[in-house]
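Accompanying notes for the structure given below.
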């Protein structure tokens, strides 16, 4: 019985992976907004009719909401060369499909924890954490890393002060909106961690929060 795989973005890597999966008799859906990548994989359709090509922006929430997952999908594999795109797509997919297996291409081994924090498996680690550390040191706006994806979701950065509502609370007590997460906490001593439910919010913690734009005010009100 053939299995179903979704491959999102990537070019040569997507071509090689799709070909291997198709040779094994699987159904493969390739999603990309890049015309050249789609044309490259189109060459496989001559020998592999089980390949479907879809030209879509994988960060489009409407497309994600309408994704046809009625049949059992073995995995969704996100393999663009853009680290931030892989994270954003993986995060958006996870908001809508809790039980689907998602695998993302990343580049720096020590940063696998970022993706695993949203229950995403990794092919290899990314530069995501390195970018975050650099941003922390230089006090740059974290949204610079995610451009142009800031239009798709909100990346909120808050520094905790002594009178804030969230101070001293565990993450599991905060009751954030369903589609919002505190992805990273930068402690005042420079330590960076991916928080868990038992993590306590401390004074001068720098929180990096991902969420849908319409939930920004709710998140800010809960934390501040």
Checklist outcome for this item: Subtracting the Cα-Cα distance of residue 101 and residue 56 from 0.36 nm times their residue separation yields 14.2 nm
Item to check | Approximate shape of the range 1-94 as ellipsoid semi-axes (Cα gyration tensor, √5λ), whole Å, largest first | outcome: 20, 16, 11
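Ranked by Cβ crowding within 10 angstrom, fewest neighbours first, how are 29, 97, 6 ordered?
97, 29, 6
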Checklist entry - According to the Cα gyration tensor, what semi-axes, each the square root of 5 times an eigenvalue, does the equivalent ellipsoid of the range 153-223 have, listed from largest to smallest in whole Å? => result 18, 13, 12
Item to check | Efficiency of FRET from Cβ geometry, residue 33 and residue 68, R₀ 25 Å, rounded to 0.05 | outcome: 0.85
Item to check | Linear extension gain, residue 174 paired with residue 119, 0.36 nm per residue minus alpha-carbon span | outcome: 17.8 nm
Checklist entry - If you find the alpha carbon centre of the range 63-84 and of the range 164-186, how far apart are they in angstrom? => result 27 Å
Item to check | Three semi-axes of the equivalent ellipsoid, the range 49-115, Cα gyration tensor, whole Å, largest first | outcome: 21, 14, 13
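We did not get these values from a lab; they are worked out from the coordinates using the rules stated. What you are looking at is a predicted structure, and each value in this text was computed from that prediction instead of being measured. All Cβ positions, even for glycine, are placed from backbone atoms using ideal geometry, and neighbour counts span all protein chains on display.
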